[in-house]
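Here's the structure, in structure tokens; my notes come after.
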Amino acid sequence: MDWWTKIRLEVLRGEKSKREILRSERIHWETLKKVLKYFEPPGYRLKEARPKPKIGPYLERIAQIIEEDKTLPKNNATAQEDLRTDPEMGYGGKYTQVKTAVRELMRVKQEVFMPLIHRVGESQVDFVMHWRRLP
């Protein structure tokens with residue numbers, strides 16, 4: 001991260017040219033383009049989602065099971081068990097695929113809490129001025 005920031009600052013401040021950075025750091029010009037484009041290293045990203053040939057047809061049913069479980073009182077039945085044990089479903093995949101699908105669906109539908117925190121010197125104030133006529 002320090003290396004990434006150092007290169008960005010040197011180029012953006014005009015301390016070194018792009019060509020000098022390429023020579024001194026011994027990096028490819030595509031890498032330098034990424035350094036200048038992103039504030040921090042972007043990491044690996046899939047261009048498109050991987051196909052899910054076995055679990056794909058059952059994703060809707062898993063989502064239904066999760067929704068049904070929310071309305072029922074707490075019990076140990078889960079979407080994984082329902083899908084694996086129901087002979088009508090015909091699911092032949094592994095438990096791990098179902099577990100991963102459930103985790104992803106729960107993550108997407110999870111309620112998020114964002115605390116309102118202000119640093120020292122920064123704040124947000126909403127107030128209403130009440131004007132009153134003096135007699």
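The values are calculated or read from the model by the stated rules, or taken from the named source; none is laboratory data. For clarity, every value in this text was computed on a predicted model and none was experimentally measured. SASA here: full protein model, heavy atoms, side chains in, ligands and nucleic acids out. Shrake-Rupley method; radii C 1.70, N 1.55, O 1.52, S 1.80 Å.
At the residue level, T5 shows approximately 60 square angstrom of accessible surface with a 1.4 angstrom probe and all protein chains present.
Scalar couplings 3J(HN,Hα) for segment 113-118, obtained by applying the Karplus form with A = 6.51, B = -1.76, C = 1.60 to θ = phi - 60°, are 10, 10, x, 9, 10, 10 Hz; x denotes Gly and Pro.
Sort D2, D69 by accessible area with a 1.4 Å probe, largest first. Show your work: numbers first, answer last.
Numbers: D2 135, D69 45 Å².
These residues rank, largest area first, as D2, D69.
What the phi angles of segment 5-17 give under the Karplus curve with 6.51, -1.76 and 1.60, with θ = phi - 60°, is a coupling list of 5, 4, 5, 4, 5, 4, 6, 5, 7, x, 6, 9, 7 Hz, glycine and proline written as x. By the rule of a C-alpha distance below 20 Å, with chain neighbours fewer than 8 residues away ignored, the lysines paired with K52 are K94, K99.
Straight-line reach from K34: which lysines fall under 29 Å, measuring Cα to Cα and dropping same-chain residues less than 8 apart? Of all the lysines, those that pass the test against K34 - Cα under 29 Å, at least 8 places apart if same chain - are K6, K16, K18, K47. Only protein heavy atoms count here; under a 1.4 Å probe, H118 has an accessible surface of about 80 Å².
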